[in-house]
Amino acid sequence: MSSPCDVILFDVGGVLLTNGWDHKERAEVLDRFQLDSEKFEALHPSPYDDWEKDLIDARKYLDATVFYEPRPFTHEDFLNAIFAESVLLEDSALPVLQEVAAGGKYLVGSLNNEAREPNDYRFAKFGLRKYFKVAFSSCYVGLRKPGPEIYKRAIDILGAPAERILFIDDRQGNVDAAIEAGMKSIRFTGEKQLRADLAALEILEISEPECGVTYQ
């Protein structure tokens with residue numbers, strides 16, 4: 001049986017790493033800085049959308065959501081706290097990414113929503129650029145999942161038939177949007193299930209990883 005795809009695109013938050021700046025991470029950081037979470041969440045959506053699309057930078061996002069009044073901490077303090085929320089997901093797909101990339105059979109990349117500063121931090125901290133040959137991060141293409149435009153942009157840039165692209169994401173809405181765009185898609189629920197799904201497609205053999213996750 002020939003391979004069912006030529007390209008494999010991974011989401012990052014919720015698949016490889018914890019989410020960068022989702023509800024849980026925001027709640028923890030806001031509590032640490034003793035900020036009013038209700039007011040923050042009311043201010044957050046519009047500037048965050050702009051930040052993830054790279055229409056504004058981190059400082060402008062924080063000016064709109066945190067530093068609209070004087071604070072006893074700096075923009076850098078708060079941004080570093082955001083960065084610190086990023087850790088390896090407990091049941092991460094990173095070993096699968098490493099194995100697929102090492103095999104050299106597929107073009108491997110990311111298709112993820114992330115603002116530029118956290119995205120660059122996370123790619124560097126966890127060594128993801130060693131595995132990704134292409135990155136369709138929202139901050140690079142100015143589009144966000146599950147909007148259909150980001151999938152179409154990825155398909156156009158890759159120059160591959162949509163059905164030859166496999167997308168892996170933990171959110172059903174993002175998976176459904178990829179399928180609507182013509183891609184193959186897998187909803188990530190854990191490393192073991194992902195290995196089974198990829199084995200069913202004859203992309204991987206079912207086996208336990210021989211060593212632990214490594215990153216730089």
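All of the numbers you see were taken from the coordinates with simple rules; none came from a lab. In this text the structure is predicted, and so the values were computed from the model without any measurement. Because the Cβ atoms are built from the backbone with ideal geometry, glycine has one as well, and the counts that use them run over all protein chains shown.
Here is the figure for the range 93-147: residues that are part of a strand (DSSP E or B) and either more than 15 Å from the chain's Cα centre (by Cα) or polar (S, T, N, Q) (or both) total 4. Ala64 falls short on exactly one of the conditions (1) over 22 Å from the mean Cα position of the chain (by Cα); (2) assigned to a loop (DSSP other than H, G, I, E, B), and that condition is (2). Being of a type in the set (Lys, Arg) and surrounded by fewer than 16 Cβ atoms within 10 Å (Cβ to Cβ) is a property that holds for Lys105. Looking across the range 137-154, the residues that are surrounded by fewer than 21 Cβ atoms within 10 Å (Cβ to Cβ) and out of contact with any Lys or Arg (no Cβ under 7 Å at 6 or more places or on another chain) come down to Tyr140, Pro146, Gly147, Pro148, Glu149, Lys152, Arg153.
Being surrounded by 14 or more Cβ atoms within 10 Å (Cβ to Cβ), farther than 12 Å from Pro118 by Cα and of a type outside the set (A, V, I, L, M, F, W, C) is the requirement here; does Lys24 meet it? In short, no. Of everything in the range 158-177 that is free of Cβ contacts under 8 Å to residues at least 60 places away in the same chain and within 19 Å of the chain's Cα centre (by Cα), the residue that is farthest from Gly103 (Cα to Cα) is Gly173.
Yes/no matrix, rows are residues, columns are (1) among the hydrophobic types (A, V, I, L, M, F, W, C); (2) closer than 18 Å to Ala135 by Cα; (3) more than 24 Å from the chain's Cα centre (by Cα):
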| site | (1), (2), (3) |
| --- | --- |
| Ser3 | no, no, yes |
| Val12 | yes, yes, no |
| Leu17 | yes, yes, no |
| Ala27 | yes, no, no |
| Phe40 | yes, no, no |
| Arg59 | no, no, no |
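Residues of the range 73-99 being loosely packed, with under 14 Cβ neighbours inside 10 Å and either of a type in the set (S, T, N, Q) or touching a helix residue (DSSP H, G or I) at 6+ places or on another chain (Cβ under 7 Å) (or both), which ones? The answer is Thr74, Asn80, Asp91.
Filtering the range 34-61 down to residues that are of a type in the set (A, V, I, L, M) and either part of a helix (DSSP H, G or I) or in contact with an Asp or Glu (Cβ under 9 Å, 6 or more places away or on another chain) (or both), which residue is surrounded by the most Cβ atoms within 10 Å (Cβ to Cβ)?
Within the range 34-61, the subset of a type in the set (A, V, I, L, M) is 35, 42-43, 55-56, 58.
Those still in the list that are either part of a helix (DSSP H, G or I) or in contact with an Asp or Glu (Cβ under 9 Å, 6 or more places away or on another chain) (or both) too: 42-43, 55-56, 58.
Numbers: Ala42: 10, Leu43: 15, Leu55: 13, Ile56: 19, Ala58: 17.
By that ranking, first place goes to Ile56.
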